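All remarks here apply to the structure that follows.
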Amino acid sequence: MKSPLPPEPGTATPATTPGPLASFLRFVLFGGGVGVVAGLAVPLLAAAMPWAVSNALVTIVSTLLCTELHARYTFGQKRGAGWREHWQSAGSATAAYLATGLAVFVLHLVRSSPGALTEQIVYLGASGLAGTCRFAVLRLYVFATRRDRSAPPLKQQPEPVRQTAPVQRPEPVQQSEPVLLAA
């Protein structure tokens, strides 16, 4: 019987947890939207400070914002992200930061003075690739419920039924009445 009481705050129920496709679409909407804004903010801040520092600051702020959005809406937690989720998400964001930083660094090695459009294309391309990897990590590990993370129980296979030829029992010997020998 289903309880008439609402579930505990912060717990996801199967009915409220979005499926993989819905989660991915929400991830693209929230993460992509914040990523586009971050992509515009990095070069603006880079005019006042080194590009790497600008990228780091924008990555930190956008990671905090995205972690909250993903916890509440993308993965259906119905609560804000806790410290564990923020730290784990920060780990995947660090990898994304390294990927975007490396991509722009390589661009500057190849072209000493790339245009803003070229820099944006490289930055957003690297962000998209890193974002796809982050989705997998967040869905499968960071925001997965304990039930989702544990392996399904192994089904025990029933013992195979061995078919053998039917056992034929000998027919019972009919005993006659005992014979008394007279002496």
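The values are calculated or read from the model by the stated rules, or taken from the named source; none is laboratory data. The shown structure was predicted, so the numbers you read here are calculated from the model rather than taken from an experiment. Each accessible area value is taken on the protein alone, full model and side chains, heavy atoms only, with ligands, DNA and RNA left out. Shrake-Rupley method; radii C 1.70, N 1.55, O 1.52, S 1.80 Å.
More than 15 Å apart: what percent of Cα pairs in the range 71-114 qualify?
Values: 568 of 946 pairs.
The answer is 60 percent, as a whole percent.
Counting only heavy atoms of the protein chains and using a 1.4 Å probe, Leu140 has close to 130 Å² of accessible surface.
Surface analysis of the range 11-114 yields an accessible area of 56 Å² per residue, using protein heavy atoms and a 1.4 Å probe.
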